[in-house]
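Here the structure is laid out as structure tokens; the discussion comes afterwards.
Each reported figure results from applying straightforward, stated rules to the coordinates on display, with no laboratory input. Remember, predicted model here, so these are calculated numbers, not experimental data. As a convention, Cβ positions derive from the backbone with ideal geometry for all residues, glycine included, and neighbour counts pool all protein chains shown.
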Amino acid sequence: MKEILSIARAQILTSLRERVSLFWFLIFPVFLFIVLNLIFSNIGQEGQMHFSIALLNEDTPVAGAPADFSGIVAQAFEHAATKSPEGGQPLFDLTQPEAGEAAKAFVARERDAVRLGRLSALIVIPAGFNQSLLTRLATPGAPRAAITVYQNHGNTGSEMAAAIIGQMIAGIDREILTKAGKFTQDDAIPVVTSWAGGEQQEISYTDFLLPGIILMGFFVTGLFGVPGSILFARDQRILRGYWVTPLTVPRYLAGFTLGQLALCLLQFVVLLLLGRFAFGASVGFAQPLPAFYLLLSALTFLAFGFLIASVAKTADAGMALANVINIPMMFLGGLFFPTSGLPLALRVIVWINPITYLAEGLRSGVGVQTGTLPTPLTVAVPVAWIGACALVASRRLRWDVAR
């Protein structure tokens, strides 16, 4: 046990003394966490969301009707596109057809704008909307004309705008039915929003980001720290000196792994304290499920480090290989932003990337994201990667340059 602790201590001190290791281990995660928070921490706060949308009202008022319902809907969005008396930015930048412009031409143009990302959403109130709503008021359960909202499913801003538009339409619908005396609580339209935790607590971007940054810290520590330490020690014939002592390879690996886990724990504490006291993060990791995913993540990325060490012939080659796989795995794992709507070629990387499953499992465990993947799958894929990496490393890893 003494030998194992000595190797762990040496691994920790080496990582803290080496400037390159210290950068990837601590400075880079902290720097990225601060930068992303400063840029995106206002997402979802009042006055910070602004979407460009288009609105087409194809309906006309019904003679003798108590109200122009399609006009009420249109006015609600026009009001949301009006600056407040205090001068704050409105929620929407609204585009409507010009006088005499054909409806089909307007819809075709604005749908292309949504598809190309120049517009967040297009709302079309169909002809007959007023009459269908009057029929519904007179005959509960009668079919009604639907308002169409065109959105770009691969665009996060478009999806957010569509969700807000849906909530506004549901609120208008409820108000109309309430004034007509036709509304009951069972008629309420449920609204589901993303990034919402339990207990009706709104989740900030900081709470969403913190688990991803912690996983990223574990990832770069395993990806760069493990092969860097092992390959450098092998190239400098330091490992050869170990093997002439009673120290065995299993004990060396045990001490090395213990040292890496200690570094991950130190990373976790630093990032958690930074998130909580500098940016007001409120997520809690002191639960069995998040703790399990943190440990699984550290072991998974440790296995990746051993895989690189077994494939690369020198320390420089190991660092080059780590850099090649670092960016695609890190940014296509959903650590910083959702990965929905990617092209098929990139979605394949997302599906086989263990970070995707670890990030979802950890965020679901701390309550900042509703899981879309089965829980067993978020465990099985990382475990499969650990097994595959261990198998390759056990057959290819050379502990001595002379062997």
- [ ] Express in nm, to one decimal, how much length is gained between Leu273 and Arg395 on full extension, taking 0.36 nm for each residue of separation and deducting their alpha carbon distance.
- [x] 39.9 nm
TODO: Give the peptides 389-396, 313-320 in descending order of average Cβ contacts within 10 Å, highest first.
DONE: 313-320, 389-396
TODO: Grab the Cα-Cα distance for Phe28 and Leu377, subtract it from 0.36 nm times how many residues apart they are, and report the gain in nm with one decimal.
DONE: 122.6 nm
TODO: Determine the gain in length on full extension of the stretch Val249-Asp93; use 0.36 nm per residue of separation and subtract their C-alpha separation, reporting nm with one decimal.
DONE: 49.7 nm
Task: Most to least packed among 118-128, 248-258 [average Cβ atoms within 10 Å] - done: 118-128, 248-258
Task: Inter-label distance for Ile325 and Glu18, nm, one decimal - labels placed 7 Å from Cα along Cα-to-Cβ - done: 1.8
Open item on the list: Using a Förster radius of 41 Å, what is the FRET efficiency between Gln131 and His50 based on their Cβ-Cβ separation? Nearest 0.05, please.
Closed with: 0.75
Task: Distance between segment 20-40 and segment 258-332 - C-alpha centres, whole angstrom - done: 13
Open item on the list: As an exercise, use a Förster radius of 41 Å and the Cβ-Cβ distance of Thr314 and Ala108 to find the FRET efficiency, rounded to the nearest 0.05.
Closed with: 0.10
